[in-house]
Every structure is written in structure tokens, then in C-alpha cells.
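Let me begin by presenting the structure, written as C-alpha cells, before commenting on it.
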Amino acid sequence: MKKLVAMFLALLMIPCLALAEGMGVQVIGGPEEETEPVSLDDVKLNVDVEIDGYGILRPTSIEFNNYVMVYPQGRDDTEDLYNSGNEAEYAILYMDITNTAMSPKDYLANYEVKAVFDDAYEYAGWAYQQNYDNRKWDAWNEYAPYAQKQNVLYGINAADNFPINPMYQGHYLFGCTLPNAVVNSKKPLRLEIKIDGNEIVYNIRK
């Protein structure tokens, strides 16, 4: 009798285990909304800007740094260090994007970045995705009196970029390498970012 009860209980557990394996968020989707590219002038830090049917953009911080840290392909336990050299610095804009489309989106599949100084000089830029699920080792930031976590500071190798599912948030950094004279000037300086044809302008200095 005890054996029969044990077998019955074991059979009851089988569907429970199968259910647990499928408990994650499963995106089914819905009708995709047609969107036209837009121009977003003078976006602000920590202010949401929504592109209907595409995403909610939120610039979170702007930094000048002498380095950019990037995880090597497939790794989260070490980093590659990119140094701007003595005569230049990196201007880096961190940005979160919430996917409001009905399908996964790779926000770095089609992008351009440039810095414009004094409405005349233009400098080509670059972008990296971040992975907040990477391990959270402490990483020292020389511009801040505290240790930050690698996963919210470093970019990931382009080969490890991944699409963002609907209503999930992706994390990115957009930057340019700028001469010290540009960094130290008081003349206007802005970042112009184009993602899938949508233009985003962040004024570092007006």
C-alpha cells in the first residue's frame, strides 16, 4: 500500500515540474504597429521620451572618461580596457530603452553616433549594449568616490548583443572620442544618435 501511495505522489509531481520549467515570461506577441522615424531634440537626463510602438528612451547619465571597459566575447569575469590616451577623452551617454513594440528588437542593429562641436566639427562615435545579468563584481570608477558594479558600468562585446523582448528594458552606452580642447571648451557640444532612423539629440553643452 505504501508503495502505491509513493508512486501516486511521484506521478503527481511530474506535471508540477513541467509547469515550473515554463514559468518564465513567454512573449506571444500581437499586431505590430507601423511607426515612422521621429526626431527627438534636446532629450534630458532621467526624463522618458516615448516613440509610439517602438520604445521608451531614458538617458540616465553623461560622463567624460579616459577609458571604456568592455567584456570580451562570451565572458563576464574579465574585461578589455580601451584607453582614450593623454590627448583625448571619451564622452559617454548611458541610456535605457524599454521595448514597446510587439516583437523583440535589437536596438544596435542599425545605429549611428556622432558628436558635433561648435556646430562645425563632427566626430564619429560608437555604442555598446550592457547586460545587467552579468556577474556583479565591484569595478572602481576614478570619477566617483565609490565602487560600481561591472554589470551596470561595462559594455558587452558586439558578438554578444541580444534583442530586447516586448516591455523589457535594454541598457546601452553611446560615446565618442573627443580631443581635450573639445572636452575643456565652453562652446556647444552635442551627441547625435540615430537608431533605426530615429534621431536623438543630447546637448552636453549649449
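Bear in mind that the values in this text are calculations on the coordinates, not laboratory data. Computed from a predicted structure; not experimentally measured. Please note: Cβ atoms are built from the backbone with ideal geometry, for glycine as well, and neighbour counts cover all protein chains shown.
Annotation: the residues 194, 136, 105, sorted from fewest to most other C-beta atoms within 10 Å of their own C-beta, follow the order 136, 194, 105. As a rough footprinting exposure proxy, the listed residues 162, 117, 174, 64 were ranked by other beta carbons within 10 Å of their own, and the order from fewest upward is 162, 64, 117, 174. The alpha carbons of segment 39-205 stretch over 44, 38, 27 Å along the principal axes, in descending order. Residue pairs exceeding 29 angstrom between C-alpha atoms, taken from 105/187; 149/206; 114/149; 44/114; 136/187: 105/187; 149/206; 136/187. Sorted ascending by nearby beta carbons within 10 Å, beginning with the fewest, 36, 89 become 36, 89.
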